[in-house]
Structures are given as structure tokens and as C-alpha cells.
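The values are calculated or read from the model by the stated rules, or taken from the named source; none is laboratory data. The structure displayed is predicted, hence computed values, not measured ones. Counting neighbours? That spans all protein chains shown, and the Cβs are built from the backbone with ideal geometry, glycine included.
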Amino acid sequence: MAKKTRKKAPATKPAGKPAPKRSVGKPKPGGSSAARKKAATKKKPAPKARPVKDSGTEAVSSPAERQKLERLRTRINELDTELVKMLNERAKTVVSVGKLKQKTGIPIYAPHRESAVLERVLKNNRGPLFDKTVEAVYRELMSGSFALERPLRIGFLGPRGSFSHLASAKHFGQSVDFEDLHSIDGVFTEVSRGHVDYGLVPIENSIGGGIVEALDAFTEHASKVTVYAEAQIEIHHALLANCEPGQIRRIHSKPEIFTQCKTWLATQYPQAEQVPAASSSRAAITAAEECAQAEAIGTTPVAAAIGNSLAGSIYGLNTLFENIEDRPGNITRFLVLGRQKARKSGDDKTSIMFNTADKPGALVRVLQVFESSGVNLTHIDKRPSRVKNWQYTFFIDAEGHRDDERLASAIERASSHCKDLTVLGSYPRSRRIL
């Protein structure tokens, strides 16, 4: 029988790094088929074990390092013991403060005091902890203090998982009671009736502008509530659904959120129906219900929602795309509503609502009063007056406190050019984003 031979492949010029050569000539010495088979089945040396991450009980590379690690852990335990002891000493003092507040009628939550505590603490922070971390710790401490003095009830635009819920938790901490009040107008109503201690509502977004529901609610409730504090929250939006991205035909969310994701939606889902919802978490609930109904009858889900990933995890929706907002640095400003007036903190803002007199140049004259008084206006907005067509209610934020002589004088002078002017509240300026 003729012996088969292999043809050599034609030589080609290597591209980049040359491929390793294959032996196609004579067999290697001692390279019989049996020997090669034996070599192939020979046990390979076991790979070196990779270092295991610290699990708390692992062995380190040497006895000396082991002893050093144990000494450091012992020191951490000692510090934790001291820290808990000091926190409880602080808590005892808080209880005494709470008793004095209740006797004298001083509010449990005082924004000017909160602002002063945080400023002092952050000024003393020398690291390595970031200021944001230290602030979060102290906000939880103050939240625990509220619970010791008198439990607070905080109303928000729900359901759970909404950005208002997140903002309430970040501002007030986890030791207060949160109440879902279903609508922005409901937050105003329940604060004015005293059914909740404070309410938190969105008022302005850095991309979408003013929140119309909140502005309109002030026209109805301005005499019954006051702006007591403010908070700034960083906003990230996610597309939530229980279907493939290409199957989405309908998207639920708040109108303001659609605005904040306008470019992304126009590019990715130009044909999808945009269904307005009262809140982002309500949108998540609706999308989850529609997906469940579709699956129950054997059809493909086509509904999605835009909200935050927390809402997705609460209501059983998958996060398909994160950070779909058109611009980074998407910040929403929230106002804390109460029934008391906040004291001066030294760095304050005042929110004002007014309707101008029906005469030429009335709005200009109002604004000129603040300009001539040296008062900086940080925000201006308008809404239809809801009394007469083409008449508007204006909203401004001015630097300073209503009790500052310069601002008080400017407000009095501006009133002469208005049908009515209402100071919605003075409160500490929010300098940090939560």
C-alpha cells in the first residue's frame, strides 16, 4: 500500500506576529504514535492558586503580616466600641434637648440648626472619608435624633421608589415615617391639615425647568404652608421592562422625565407611545401590571417605564438601560413644606409668588426693585393665573432671609407694583447635592 504523504502549504507572508510553525516533516526522535499518546495523557502540573480576597478569616502570607492584621482589626473593634458609646452619649443629650423643645414649642426639625451642624462637621473633616460620606452619616444621626425627640411623619409623592421617596430618605434619613400621599397637591393638603409634619415636593429640574404641579399647588395652598427647607438630588433615569428592548411599544413615565430623556427616546424609540404618569414609581407599577397581563394571556409584553433602578427592583422590572438622561449633572431641587417659619442661617433664600398690576411695565418695575436694592434673584418662573386668560402668576427666589432688612424693604416696595405678593418662605440655601 502506498504511503500517504502530506502536502506542504504554500508559503505566505505573515501579517503581524507570525503564527507558530507546525512540524510537518520527520517525526521527532522517540516520537512514535504510542509515545505521543502517552505524552498527551501525562498529568499537567496544577496551576498556582490565585490569592483569595480577604474574607475575614483568610491566612496572609506570613505570621508577621497575620499579627499586624489582627492588631489593626483589634484597633477597629476598640474604635467601634468607643464610637457606639459616644453616639449613645450624644443621643442622651438629644433626648434632653427634645424635652426642652416640647416644653417651649420649638419645632423638632430646625433647618437652620441642621445647616449649622453639617457645616461644622464638614469643616472638621480631614479625611480620608469624603464629605458626602460624612454628611450621609450625620443625616442618619439626626434622623435617629428625630425619632428620640418625637417621631416625624414625612409626606412625599409616591408610590415607594419614586424620586421624591429617594429624596425624602436622603434628606431626612431612614428613622422617620414616610407617607405616600399619591400626588403633589396631596402633599400640600396633608401638610396644611397637620396630618404629616413635613412634605417634600419637586420644584425645579436643571434640564426640564419648573415642575408645574408644584407651582400650581402654591397658588391654592400658599396661605396654609410655608417653604421650610430645600434639597438637591442627583437624578439618573433607567429604562425598565420585562421584555426585549426591541419589543417595547409603550413607555410610561412623568412628562418631565420624558423631557429629560427626549433625545435618547427620539433616537432609540421614536415610534413608542409615551404615556404620562403621576410619578415614576406609578409608571413602574403600571408597566409591571401590563407585562404580567400580557404574559398571563400568552402574548409578548410591550410596556416599559422610565424611573430609577430602585423602583425596578421593588416592582419586579428589569433594568434594560441605565443613565438614559440626555445630559449629565441632572439635578432636581426639592422643597420641604411645613407650617413653621425657618430661622435665619446666615446663607438663606426666599421664595416669593406675585401677580403684577394690570399696567404696562409692571413686571419690569417689580424686578427693578430687587436690582436697585442689591438683591440677587436666583430663579424666576411663571404659570397661568387660572383666574383670567393671559394673566400670569410669577415665582422668584431671592438671596437672603425675609427678616433681613434689605430684602424686607425690597419686598415691601415690590408689593406696590403687584395685585398681590406672597412670601412662600425663607430657608437655608442648599449647597450640596445629595
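What to note about this one:
- Taking the stretch 260-291 as the range and being more than 19 Å from H165 (Cα to Cα) and in a loop (DSSP other than H, G, I, E, B) as the test, the residues that pass are C261, Y269, P270, Q271, A272.
A quick yes/no check of all residues on (1) assigned to a helix (DSSP H, G or I); (2) within 20 Å of the chain's Cα centre (by Cα); (3) modelled with pLDDT of 90 or more; (4) not β-branched (V, I, T):
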site: E140; (1), (2), (3), (4): yes, yes, no, yes
site: I154; (1), (2), (3), (4): no, yes, yes, no
site: G158; (1), (2), (3), (4): no, yes, no, yes
site: S175; (1), (2), (3), (4): no, yes, no, yes
site: E179; (1), (2), (3), (4): no, yes, yes, yes
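Conditions (1) within 22 Å of G361 (Cα to Cα); (2) surrounded by 13 or more Cβ atoms within 10 Å (Cβ to Cβ); (3) touching a Ser or Thr at 6+ places or on another chain (Cβ under 6 Å), marked per residue:
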site	(1), (2), (3)
S385	yes, yes, yes
N389	yes, no, no
H401	no, yes, yes
A410	yes, yes, yes
G425	no, yes, yes
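- The single residue among G208, G246 that is among the small types (G, A, S), outside the structural domain of F395 (by TED's automatic domain parsing) and free of Cβ contacts under 8 Å to residues at least 40 places away in the same chain turns out to be G246.
- Among residues that are farther than 19 Å from I211 by Cα and not in a loop (DSSP other than H, G, I, E, B), R413 is included.
- Unmet requirement for K123, which otherwise passes all of (1) out of contact with any Gly (no Cβ under 9 Å at 6 or more places or on another chain); (2) closer than 16 Å to L434 by Cα: (2)
- Hits in the stretch 209-253 (condition: of a type outside the set (A, V, I, L, M, F, W, C), in a loop (DSSP other than H, G, I, E, B) and surrounded by fewer than 22 Cβ atoms within 10 Å (Cβ to Cβ)): S223, K224, H236, N242, E244, R249
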